[in-house]
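Enquirer: Structure provided below as structure tokens; questions to follow.
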Amino acid sequence: MTTTSPTARKAGLRWHLRTATQDLHAEADRLGQGFDLRSRAGYRSFLRAHARALPALEAACDAAGLEQMVPDWPQRRRRTALEADLARLGAALPPAGRVTLPSGPAALGAAYVLEGSRLGNAMLLRIIQNASALANVSATAYLSHMPGPEGWPGFLGRLEQALPEPTHWAEATAGARLAFDCFLMAMHRERMAPLHA
């Protein structure tokens, strides 16, 4: 039986994107911690922040032809779930942004960020479910959204299969960084927005 060394395991696009975006990832985590998910208003603001970024990024991925590289992409989209949760909380959708991804590799990089954001959702979901202020609110479709049986490992497999060689990794990195920038800007804007009833 052959084994893969840790160095070899970390030589693909997944690890390249992780390293190339770790500064933005840390900043997104820092800003995200500023939303009080134990309160109705805080959770609503958190969802509104995501609604300022995610729909535009998903639409940009569609326009760039991501489905050709990730066939189960339609099942991975979360805009509808996010809109449903906001409606249950009586919150209006924030102004829609507009994003352009110039190529399939850039869309794949953006999708890496979108799919990776699911990894912390289980922890966030537990916070929401244990929050007394949200006890009677069933608004967790976004955080509990499941993309299908392949999940995160399946996406990573598609990622590596689509771009096995570094030729287009710079494009994928630009797409990933753009996606993080969209979320960072969205969180800043939501934190500055007037309080919503």
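Enquirer: What residue, of ALA87, ALA110, ALA106, is among the aliphatic types (A, V, I, L, M) and over 16 Å from the mean Cα position of the chain (by Cα)?
Expert: One residue alone meets the criteria, ALA87.
Results for (1) touching a residue at least 40 places away in the same chain (Cβ under 8 Å); (2) part of a helix (DSSP H, G or I); (3) β-branched (Val, Ile, Thr), shown as yes or no for each residue.
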residue	(1), (2), (3)
ASP36	no, no, no
LEU47	yes, yes, no
GLU58	yes, yes, no
CYS61	yes, yes, no
GLU67	no, yes, no
VAL70	yes, no, yes
ALA81	yes, yes, no
ALA84	yes, yes, no
GLY90	yes, no, no
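Enquirer: With the requirement that a residue be under 16 Å from ASP62 (Cβ atoms) and touching a Ser or Thr at 6+ places or on another chain (Cβ under 9 Å), what does the stretch 113-138 give you?
Expert: Listed by number, the list holds a single entry, VAL113.
Enquirer: Only residues in the stretch 151-177 that are closer than 21 Å to LEU54 by Cα and without any contact (Cβ under 8 Å) to a residue 12 or more places away in the chain count as the first member; pair them with residues that are hydroxyl-bearing (Ser, Thr, Tyr) and crowded, with 16+ Cβ neighbours inside 10 Å, Cβ under 7 angstrom, at least 6 apart or cross-chain, and list the lot.
Expert: Filtered contacts from the stretch 151-177: no entries.
Enquirer: Then there is this: If you take the residues of the stretch 10-27 that are within 15 Å of PHE155 (Cβ to Cβ) and at pLDDT 95 or above, which of them is most open to solvent (accessible area, probe 1.4 Å)?
Expert: Residues of the stretch 10-27 within 15 Å of PHE155 (Cβ to Cβ): 12-15, 17-18.
Then keep just the ones that are at pLDDT 95 or above; that gives 13-15, 17-18.
Numbers: LEU13: 0, ARG14: 77, TRP15: 50, LEU17: 0, ARG18: 131 Å².
Filtering first and then ranking leaves ARG18.
Enquirer: Within the stretch 172-197, how many residues turn out to be charged (D, E, K, R) and either open to solvent by less than 70 Å² (accessible area, probe 1.4 Å) or under 15 Å from the mean Cα position of the chain (by Cα) (or both)?
Expert: Filtering the stretch 172-197 for residues charged (D, E, K, R) gives 177, 181, 189-191.
With either open to solvent by less than 70 Å² (accessible area, probe 1.4 Å) or under 15 Å from the mean Cα position of the chain (by Cα) (or both) added as a condition, the list becomes 177, 181, 190.
Adding up the residues that qualify gives 3.
Enquirer: Could we say that ALA135 is surrounded by fewer than 20 Cβ atoms within 10 Å (Cβ to Cβ) and over 21 Å from THR80 (Cα atoms) here?
Expert: Against the criterion (surrounded by fewer than 20 Cβ atoms within 10 Å (Cβ to Cβ) and over 21 Å from THR80 (Cα atoms)), ALA135 qualifies.
The values are calculated or read from the model by the stated rules, or taken from the named source; none is laboratory data. In this text the structure is predicted, and so the values were computed from the model without any measurement. For neighbour counting, all protein chains shown are included, and Cβ atoms are generated from backbone atoms with ideal geometry for every residue, glycine included. Side chains included, ligands, DNA and RNA excluded: accessible areas come from the protein's heavy atoms. Shrake-Rupley method; radii C 1.70, N 1.55, O 1.52, S 1.80 Å.
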